[in-house]
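The values are calculated or read from the model by the stated rules, or taken from the named source; none is laboratory data. Computed from a prediction, not measured in an experiment: that's the story for all the values here. Backbone-built Cβ (ideal geometry, glycine too); neighbour counts: all protein chains shown.
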Amino acid sequence: MRTLRLASRALTLVSVTLLALLASCTEDTDGYGGLSDLSITPRSTDLEAEAGSVWVSVEAEGAWTITLAYDGDGGWASVDPSSGSGAAGNVRLRYEENTGNGPRSVTLVLESGGHSARATVTQVGLSGSTSDKFSNGTDVAAWRWLELPATESGDGLTFFVHDMDGGKYQGAAKSGLRNWSFYWDAAEHMSLWVAYPLNNSIKGSGTSRSNAWGFDPLLPADAQPNVMQGSYGGGWTRGHQLPSADRLATFKANASTFYGTNMTPQDYDFNCGIWAGLEGKVRSYASLSDTLYVVTGCQYKESSMFTGMSTGFRVKVPTHYFKAVLFRGHSPYATDGFMAAGFLLPHDSAISGRSFLDYIMSIDELEAKTGINFFPNLEEVVGQAKYQAIESQEPSNWWK
């Protein structure tokens with residue numbers, strides 16, 4: 001009996017001790033639901049010397065604020081928004097160029113419900129910058145291809161060109177036929193536009209849709225959305241700018257259309273409805289031409305809507321999508337063998353059942369609405385007067 005009492009007392013002591021230990025493990029979190037519920041996570045903690053921005057995700061249960069604590073001189077970074085409530089993925093840390101030789105750091109301090117979480121990012125100095133992450137691209141386009149819109153030095157965008165194998169285009173002698181060009185917006189993680197030539201030969205028929213979702217080899221993986229595992233999140237699908245069906249000559253050419261740099265977040269009904277209809281019509285135009293020069297792009301500067309974080313970034317959802325098409329061939333409607341048309345569609349599922357021809361317009365009108373100068377190299381081919389006539393001409397019945 002004495003042995004039983006001792007065993008009972010020992011068990012009681014162990015139970016009390018365990019309860020005390022459990023209490024000591026959780027007492028710092030009572031009233032918040034666990035410190036693990038409060039976190040702040042930058043997309044990257046290692047920043048290049050050049051000015052830029054990085055997305056930050058916040059996990060919190062209630063209202064929160066973010067402040068910046070500098071290790072040394074401050075004022076070179078900002079965070080927006082700096083306050084909110086609940087989980088958020090639309091926080092962006094912006095930073096200025098580090099013109100010094102040494103690195104510098106800033107800590108993001110997240111506070112909520114009397115608790116805090118921290119994350120530190122470090123920006124290398126000029127001497128520590130490993131490489132130009134966009135060295136495969138150029139500030140402006142050097143090529144004079146007819147499909148290319150005008151590019152502008154210092155606008156923050158970078159111009160790239162792919163060959164038919166999906167790598168870097170290095171001229172006709174080395175790379176043969178060009179594939180597609182794109183004007184990359186590093187701050188928004190998508191291309192303003194993609195430009196490409198199209199005809200039956202270029203389109204080809206040697207393969208089928210590859211679904212080879214992947215990173216673009218011309219950019220670092222951490223600079224582009226990861227579209228390999230699925231869509232953008234938040235209900236937005238992966239929308240091609242250069243359609244997969246426009247590159248069926250080889251597997252590699254088709255696979256290049258599944259790069260993240262060719263994607264934008266699109267509403268599913270829009271993507272599979274009116275937009276798919278327009279893509280098919282463009283292929284029809286191309287089949288009747290010697291070559292059709294195509295620019296596909298989107299407007300997003302005025303957008304206040306963002307995707308989820310599924311691709312690693314909160315990406316702006318475009319407000320409009322456009323296509324500019326330049327026909328080269330034989331037609332009674334053509335001027336010196338050229339004619340052109342533009343389309344500008346609101347990115348709205350409500351129009352998915354409408355005709356894309358409701359949104360057709362002249363190139364001049366499309367330029368006025370987008371601020372983009374389309375087909376500037378055509379002037380060298382036909383002269384100024386005919387160039388202006390082609391761009392100002394209302395689309396004829398041929399396009400309809």
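Tabulated values for the structure
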quantity: Selection within segment 168-188 - buried (at least 24 other Cβ atoms within 10 Å of the Cβ) and not in a strand (DSSP E or B); calculated: none
quantity: Qualifying residue in segment 371-383 (condition: surrounded by fewer than 20 Cβ atoms within 10 Å (Cβ to Cβ), among the polar types (S, T, N, Q) and under 30 Å from SER57 (Cβ atoms)); calculated: no
quantity: Single match in LEU326, LEU344, LEU357 (criterion: surrounded by fewer than 19 Cβ atoms within 10 Å (Cβ to Cβ) and assigned to a strand (DSSP E or B)); calculated: LEU344
quantity: Filtered residues of segment 93-118 (kept if surrounded by fewer than 19 Cβ atoms within 10 Å (Cβ to Cβ) and either part of a strand (DSSP E or B) or among the polar types (S, T, N, Q) (or both)); calculated: ARG94, THR99, ASN101, SER105, THR107, VAL109, GLU111, HIS115, SER116, ARG118
quantity: Residue pairs meeting the criteria (Cβ under 9 Å; at least 6 apart or on separate chains; first under 15 Å from PRO103 (Cα atoms) and in the same structural domain as ASP222 (by TED's automatic domain parsing), in segment 50-75; second part of a strand (DSSP E or B) and among the aliphatic types (A, V, I, L, M)); calculated: none
quantity: TYR259 closer than 19 Å to GLY233 by Cβ, among the hydroxyl-bearing types (Ser, Thr, Tyr) and at pLDDT 95 or above; calculated: yes
quantity: Segment 198-212 residues that are at positive phi, paired with ones that are of a type in the set (A, V, I, L, M) (beta carbon under 8 Å, 6 or more apart); calculated: GLY204/LEU248; GLY204/ALA249; GLY204/ALA253
quantity: Which numbered condition THR264 fails, given (1) free of Cβ contacts under 8 Å to residues at least 40 places away in the same chain; (2) of a type in the set (Ser, Thr, Tyr); (3) out of contact with any Ser or Thr (no Cβ under 7 Å at 6 or more places or on another chain); calculated: (1)
